[in-house]
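S.K.: Structure below; questions to follow.
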Amino acid sequence: MTIKLIAIDIDGTLLNTDRKVTKEVKEAIHAAKQADIRVVLCTGRPFPGVVSLIEELELNETDDYVISYNGALVQNTHTEEKIIDYTLTHDDYLFLEKTAREAGSHFHAIHNEGVFTPNKDISKYTVREAFIIGLPLFYRTPGEMDPSSSYNKMMMIDEPPVLEAAIARLPESLWENYTLLRSEPYYFEILNKKASKGKAVKALAEHLNIDRKQVMAIGDSGNDIDLVDFAGIGVAMENATDEVKAVADVITASNNNHGVAHAINTYALDR
């Protein structure tokens with residue numbers, strides 16, 4: 001069946017290890033657009049952290065969309081009209097901050113205005129996250145947080161052994177009430193229960209009247225598992241985790257060898 005929608009993860013997938021989009025990948029994305037295939041970036045980053053890539057790839061026309069915050073936000077890149085906006089409340093923040101603290105992990109919360117950490121000894125991984133997504137970083141105690149604020153995602157972050165031990169201490173109810181994702185060895189992400197990349201692409205495809213079989217998704221990490229699993233053609237990068245490869249239909253080249261371009265050219269453009 002003809003592919004009509006391609007959802008592409010960013011870090012480790014679209015971008016190479018130099019954090020660049022290669023010429024080959026840009027050309028493939030442009031060719032897909034020319035063939036009337038919708039290309040949608042699908043990322044754990046916040047929307048402000050994706051804008052420069054949207055502009056670079058010219059994915060900001062009237063009928064273009066982006067999926068950010070691991071599926072918590074789906075919006076039109078031109079009008080910023082929201083198709084999905086699943087947030088976490090101040091009460092969620094207070095509960096999750098306390099839960100992370102008792103489990104022994106650093107913590108931060110994110111919305112479009114910044115990254116907020118209650119940890120005076122700010123984790124280097126919080127600093128890394130703020131740098132990558134291009135948002136300001138704030139130290140705020142729980143008592144200093146604005147009760148009217150909502151958040152697109154929250155994260156436990158730490159050295160992998162510390163994070164793994166903290167995750168093991170979490171109450172079982174957390175899995176029942178939130179979407180939980182181990183996106184990288186030092187990141188454990190907490191989202192609204194309704195949010196995930198796979199659910200977001202499903203909702204967008206339905207909004208656009210595109211059949212699941214006409215969707216291709218490309219990813220590499222833990223937060224891409226249900227995305228790749230949902231798609232009619234699920235593509236794992238060569239550098240993907242074993243868990244992503246296990247649910248994929250095909251495996252493409254690595255992010256340093258233009259894997260996204262190879263996938264688009266082979267499975268969407270048949271060339």
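The values are calculated or read from the model by the stated rules, or taken from the named source; none is laboratory data. Model, not experiment: these values are computed from the prediction. Every residue, glycine as well, gets a Cβ built from its backbone with ideal geometry; the counts of neighbours run over all protein chains shown. Note: areas computed on protein heavy atoms with side chains; ligands, DNA, RNA excluded. Shrake-Rupley method; radii C 1.70, N 1.55, O 1.52, S 1.80 Å.
S.K.: Which of the residues belonging to segment 146-164 are open to solvent by 10 Å² or more (accessible area, probe 1.4 Å) and touching a helix residue (DSSP H, G or I) at 6+ places or on another chain (Cβ under 8 Å)?
M.R.: Passing the criteria: D146, P147, S148, S149, S150, N152, D158.
S.K.: With respect to L180, determine if the residue is free of Cβ contacts under 8 Å to residues at least 12 places away in the same chain, closer than 30 Å to A103 by Cβ, surrounded by 15 or more Cβ atoms within 10 Å (Cβ to Cβ) and outside the structural domain of A31 (by the TED database).
M.R.: Judged against the criteria, L180 is a match.
S.K.: Only one of (1) surrounded by 19 or more Cβ atoms within 10 Å (Cβ to Cβ); (2) touching a helix residue (DSSP H, G or I) at 6+ places or on another chain (Cβ under 6 Å); (3) in a loop (DSSP other than H, G, I, E, B); (4) free of Cβ contacts under 8 Å to residues at least 40 places away in the same chain is not met by I3, so which one is it?
M.R.: All conditions are met except number (4).
S.K.: From the set of residues in segment 128-145 that are open to solvent by 50 Å² or more (accessible area, probe 1.4 Å) and within 18 Å of the chain's Cα centre (by Cα), which is farthest from I167 (Cα to Cα)?
M.R.: G134
S.K.: Could you check segment 18-40 and list, in sequence order, the residues that are part of a strand (DSSP E or B) and either at pLDDT below 95 or among the β-branched types (V, I, T) (or both)?
M.R.: V39, V40
S.K.: Same structure again: Could you say which residue among A246, A261, A217, A205 is crowded, with 24+ Cβ neighbours inside 10 Å and either in a strand (DSSP E or B) or on the phi < 0 side of the Ramachandran plot (or both)?
M.R.: Step by step, each of A246, A261, A217, A205 is checked, and only A217 is crowded, with 24+ Cβ neighbours inside 10 Å and either in a strand (DSSP E or B) or on the phi < 0 side of the Ramachandran plot (or both).
S.K.: Here is a further query. Looking at the structure I just gave you, is Q34 open to solvent by 20 Å² or more (accessible area, probe 1.4 Å) and among the polar types (S, T, N, Q)?
M.R.: Criteria met by Q34.
S.K.: Could you tell me whether I210 is β-branched (V, I, T), within 22 Å of T252 (Cβ to Cβ) and surrounded by fewer than 24 Cβ atoms within 10 Å (Cβ to Cβ)?
M.R.: Spelling it out, I210 is indeed β-branched (V, I, T), within 22 Å of T252 (Cβ to Cβ) and surrounded by fewer than 24 Cβ atoms within 10 Å (Cβ to Cβ).
S.K.: Here is a follow-up. Which residue, of D229, D224, is modelled with pLDDT of 95 or more, open to solvent by less than 40 Å² (accessible area, probe 1.4 Å), of a type in the set (D, E) and part of a helix (DSSP H, G or I)?
M.R.: D224
S.K.: Please list, ordered by first then second residue, the pairs with beta carbon atoms under 9 Å, 6 or more apart or interchain, first in segment 126-140 and farther than 15 Å from L15 by Cβ, second open to solvent by 20 Å² or more (accessible area, probe 1.4 Å) and part of a helix (DSSP H, G or I).
M.R.: Matching pairs, first to second residue: L135/P48; L137/V127; L137/F131.
S.K.: If you scan segment 109-120, which residues turn out to be touching a helix residue (DSSP H, G or I) at 6+ places or on another chain (Cβ under 6 Å), open to solvent by less than 30 Å² (accessible area, probe 1.4 Å) and closer than 13 Å to Y151 by Cα?
M.R.: A109, V115, T117
S.K.: Return yes or no: is R101 out of contact with any Cys (no Cβ under 7 Å at 6 or more places or on another chain), at pLDDT 95 or above, among the basic types (K, R) and not assigned by the TED database to the domain that holds V162?
M.R.: Considered against the rule, which asks whether it is out of contact with any Cys (no Cβ under 7 Å at 6 or more places or on another chain), at pLDDT 95 or above, among the basic types (K, R) and not assigned by the TED database to the domain that holds V162, R101 comes out as no.
S.K.: Let me ask another. Go through segment 41-51 and count every residue that is without any contact (Cβ under 8 Å) to a residue 60 or more places away in the chain and either part of a helix (DSSP H, G or I) or of a type outside the set (A, V, I, L, M, F, W, C) (or both).
M.R.: Adding up the residues that qualify gives 2.
S.K.: Looking at D11, D85, can you tell me which residue is open to solvent by less than 50 Å² (accessible area, probe 1.4 Å) and among the charged types (D, E, K, R)?
M.R.: Exactly one of D11, D85 is open to solvent by less than 50 Å² (accessible area, probe 1.4 Å) and among the charged types (D, E, K, R), namely D11.
S.K.: Given the condition touching a helix residue (DSSP H, G or I) at 6+ places or on another chain (Cβ under 6 Å), at negative phi and open to solvent by 20 Å² or more (accessible area, probe 1.4 Å), answer yes or no: does some residue in segment 97-108 qualify?
M.R.: So far as segment 97-108 goes, no, none of its residues is touching a helix residue (DSSP H, G or I) at 6+ places or on another chain (Cβ under 6 Å), at negative phi and open to solvent by 20 Å² or more (accessible area, probe 1.4 Å).
S.K.: Now for a separate question. Just the residues that are in contact with a strand residue (DSSP E or B) (Cβ under 7 Å, 6 or more places away or on another chain), assigned to a loop (DSSP other than H, G, I, E, B) and at pLDDT below 95, please, taken from segment 123-141.
M.R.: L135 - this is the single residue of segment 123-141 that is in contact with a strand residue (DSSP E or B) (Cβ under 7 Å, 6 or more places away or on another chain), assigned to a loop (DSSP other than H, G, I, E, B) and at pLDDT below 95.
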